[in-house]
Structures are given as C-alpha cells and as structure tokens.
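The values are calculated or read from the model by the stated rules, or taken from the named source; none is laboratory data. Remember, it's a predicted structure, so these values are computed and weren't measured experimentally. Neighbour counts are summed over all protein chains in view; Cβ atoms, including those assigned to glycine, are modelled from backbone coordinates with ideal geometry. Quick note on the areas: whole protein, heavy atoms, side chains included, nothing else; ligands and nucleic acids left out. Shrake-Rupley method; radii C 1.70, N 1.55, O 1.52, S 1.80 Å.
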Amino acid sequence: MPNQPVSGNDLARFAGAGTFMRLPSASSAEGLDVGFVGIPMDHGASWRSGTRFGPQQLRNESAMIRPYGIQTGAAPFDALQCADLGDVAINTFNLRDSIRIITEYYDDLLKYPVIPMTLGGDHTITLPILRSIAKKHGPVGLVHVDAHADVSDEMFGERETHGTVFRRAYEEGLLDPKRVWQIGLRGTGYTAEDFDEPRDWGFNHVLAQELWHKSTAPLAAEIKQKMGEGPMYISYDIDSLDPSIAPGTGTPEIGGLTTPQALELIRGLRGLNIVGADLVEVSPPYDPLGNTALTGANIMYEMLSVLPGVPYR
Ligand code: MN
Ligand code: MN
C-alpha cells in the first residue's frame, strides 16, 4: 500500500507534522508519483501581499481532508505514492533570484517521474515551473482558472511578475496555445482590448459571466475533447472564485465562480494527461476564517483525484 495520510482516528487532526493532508514528508522525489511542494512567496504580487503564508495555511487546513472522495469515489492514495516535499528555499529579498531558484528546483525534481502539485505563493511561481515542465514534456496544454488572464507585458518595467506569467509562457514556447483555456476572467482592464491579443495567439477565453448561473460540466467536457492526449497543466488561482467564498487573496474581483462550479470543472478533467498542477494566490492575512485556505486545500485534493492512475470505487 502506498503512503497514507495519518488518520484523524489515530492522531487528532490538530496534531502532527503539518504536512499536506498529513502525508509523510520526503526529501527526494525518488519513488513518488506525486510530490506536494510549497513555494512561500509573495514578492511577485502587485496589490495585497501575504501569499508567502499560503503553503503553511493550505497544509493546516488540509488536515481535515480524508483520503476518499465520497461524491466521486476517487481513491488517490490506493494507487499513487504521495508525499510532501516541503518548501522551495526561495530568496525572499529578490524576486528574480527566486524565479531562478524555482526553475532549478523543478529541473531537479523532474528528473524523477513525479507529478508536482504546488502550493503557492503568488502566481509568478507558475512561470518557472512551466519552464521546467516544458523542458521535460515540450509545450503543454493549460487549464488556467483565474479572475485575471495574467498576460500583461510589464509591471513597473518588470517582465516576470504575477501579472505577466502567461504572456512570457506563450513567448517562450512553453504552451501549446490552441490547447490553453483561461477560465473565470472578469473585472476591469488596463485597456478595453486587454484580452484580444491572447485570443489571437490561440488561447480560449471563458469569461466568468458566460458561466454565471450555469454548470461548468459542459465546459469541462468540451475542454477534455479538444485538449486531446497531450501533456497538460492546471494552474488554479484561488481568486477565480467569488470573493464572498474566497476573500483571502491578493487581487479579488467580484462576480466570480462558485465552489460547485470549481468542483464540476476539475472533476470533468479526469482522464486528461495532467503532468502538474498548482494552487496559487491564497493570502492568509486576508483570510480570517480560514475558508479560503480550506477551499484551496480541497481544490488541491480534487486536482489530485483526477490525476492519471487514480482508481475510482
Ligand atoms: Mn493569477
Ligand atoms: Mn488572479
């Protein structure tokens, strides 16, 4: 039997080592199918800070998650060897150096056949991760759930921030643009045409308002059909959810997705060739009740549950 989360019936949920889902820690990805990695970083964020505390709080709230998905039948720990690899030792005084450190970390990690599941951290972290992912898998498809497209060219002259990630990823050839979906976009732009250019690159855009009052299951089915069998990555920005549900984030926008819409979307991606995923932009200082981190931790579990090789009961 692979690693199991420590049961709440063997050790109280508020006790223990504080790893994601109370899994064993590991210092290397050797032998792992899935490695949870924290990137405690917020110096790529442009408005509220605090995501440096995201990984720790996501781990704390994950202590309540039990191994089996009652609604879906997912049994990820019956088949996949999972562990918590701890945090990347970023340079908290230097964003560019942190980006370099993250790329080197994932380059090393991906020497093993492991699927990295990353706990952010502001959204900047996805760029260095995708650089490593693309070295291994070539350009990947992407399901990017976010209030924002994160396709600005520069912010204060900086080209690598949480608002420029997917423009850089496109320019660097890390993505297969026709297999990119950006879902949940809304709010206000720097210009009225902010989204036109990424559509010209081939990105598929689904505005939040197209999903209001609707199931996201048909969208997931369409993505699944068009994504095909090639490698793909999921980047889940918690601000895709409505701020009434997930207030603890750096750049909230009203009129967002609901929790059932998030679950339907992720559950509908089961069967795709997912090679990695991240959950970003949880900012605990703005999350006094802990619900944002709780929601984020559960979304991470749902993403784990749709990875290749997860059995269903
Ligand atoms: Mn984002
Ligand atoms: Mn966002």
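Built from the Cα atoms of region 173-213, the convex hull projects on average onto 3.4 nm², one quarter of its surface area. Computed on region 216-313, the Cα convex hull volume stands at 101 Å³ per residue. Could you compute the net charge surrounding Tyr286? Neighbours are other residues with a C-beta less than 12 Å from the C-beta of Tyr286; K and R count +1, D and E count -1. With Lys, Arg at +1 and Asp, Glu at -1, the neighbours total -3.
Other residues with beta-carbon under 11 Å from the beta-carbon of Ser46 carry, at +1 per Lys or Arg and -1 per Asp or Glu, a net charge of -3. Hull volume per residue, based on the alpha-carbon atoms of region 63-156 and their convex hull, is 168 Å³.
Report, in whole Å, the centroid distance computed from the Cα atoms of region 168-237 and region 103-148. With region 168-237 and region 103-148 each reduced to a Cα centre, they are spaced 17 Å.
When only the Cβ of Lys, Arg, Asp and Glu is charged (+1, +1, -1, -1), the dipole of the chain relative to its Cα centre reaches about 860 debye.
Computed from the C-beta positions of Met155 and Ile70 and an R0 of 30 Å, the FRET efficiency is 0.10 to the nearest 0.05.
The label-point distance for Leu289 and Lys135, in a model that sets each label 7 Å from Cα toward Cβ, rounds to 4.3 nm.
So what's region 160-299 giving for Rg/Rh, alpha carbon basis, Kirkwood Rh from the mean inverse pair distance?
Checking Rg against Rh, the ratio lands at 0.94.
The relative contact order of the chain comes to 22 percent, based on Cα pairs under 8 Å that sit 6 or more residues apart. Taking each residue as 0.36 nm, the span from Ala15 to Ile254 lengthens on full extension beyond its C-alpha to C-alpha distance by 82.4 nm. Could you list, in their original order, any pairs among Lys111/Lys136; Lys178/Lys214; Lys111/Lys224; Lys135/Lys224 whose Cα atoms are separated by more than 20 Å? Going by Cα-Cα distance, Lys178/Lys214; Lys111/Lys224; Lys135/Lys224 fall outside the 20 Å limit. Is region 189-253 best put as rounded, prolate or oblate by its Cα gyration tensor, with a ≥ b ≥ c the root eigenvalues, rounded for a/c under 1.5, and otherwise prolate when a/b is larger than b/c, oblate when not? Oblate shape, in that a/c is at least 1.5 and b/c is the bigger or equal ratio.
Taking a point 7 Å out from the Cα of Tyr312 in the direction of its Cβ, none of the residues of region 169-187 has a backbone N less than 11 Å from it. Among beta bridges identified by DSSP and lying wholly in the chain, the antiparallel ones come to about 10 percent.
Magnitude of the charge dipole for region 13-145, about its Cα centre and with charges confined to Cβ atoms of Lys, Arg (+1) and Asp, Glu (-1), is about 200 debye. Applied to region 282-299, the Karplus parametrisation 6.51 cos²θ - 1.76 cosθ + 1.60 on θ = phi - 60° returns per-residue 3J(HN,Hα) values of 7, 10, x, x, 9, 10, x, 8, x, 5, 5, 5, 4, 5, x, 4, 5, 5 Hz, with x for Gly and Pro.
Within the chain, the longest run free of exposed loop sites, counting chymotrypsin sites (Phe, Trp or Tyr not before Pro) that sit outside DSSP helix and strand states (H, G, I, E, B) and have at most 12 other Cβ atoms within 10 Å, spans 191-313. Surface composition of region 204-313: carbon plus sulfur atoms contribute 57% of the solvent-accessible area (1.4 Å probe, protein chains only, all chains present). For region 136-270, relative contact order (Cα pairs under 8 Å, six or more residues apart, normalised by length) works out to 30 percent. Seen against the Cα atoms of the chain and their longest principal axis, helix 217-227 is set at about 80 degrees.
Grab the other residues whose beta carbon is less than 15 angstrom from that of Glu229, score K and R as +1, D and E as -1, and report the net.
Net charge in that neighbourhood comes out at +4.
Loop only per DSSP, at most 16 neighbouring Cβ atoms within 10 Å: give me the trypsin sites (Lys or Arg not before Pro) in region 70-139, ordered by residue number. Each step should come with its number before you reach the end.
Details: sites: Arg96, Arg100, Lys111, Arg131, Lys135, Lys136; in loops: Lys111.
Qualifying residues, ordered by number: Lys111.
Of all DSSP-defined beta bridges confined to region 28-164, some 10% are antiparallel rather than parallel.
The shape of the chain comes out rounded: with a ≥ b ≥ c from the C-alpha gyration tensor, a/c is under 1.5.
Taking Cα atoms of region 134-222, Rg/Rh with Kirkwood Rh, to two decimals?
Values: Rg = 13.5 Å, Rh = 13.8 Å.
Ratio value, two decimals: 0.98.
Quick check: from the Cα gyration tensor, does region 102-185 come out rounded (a/c under 1.5), prolate or oblate? Cα axes put region 102-185 in the prolate bin.
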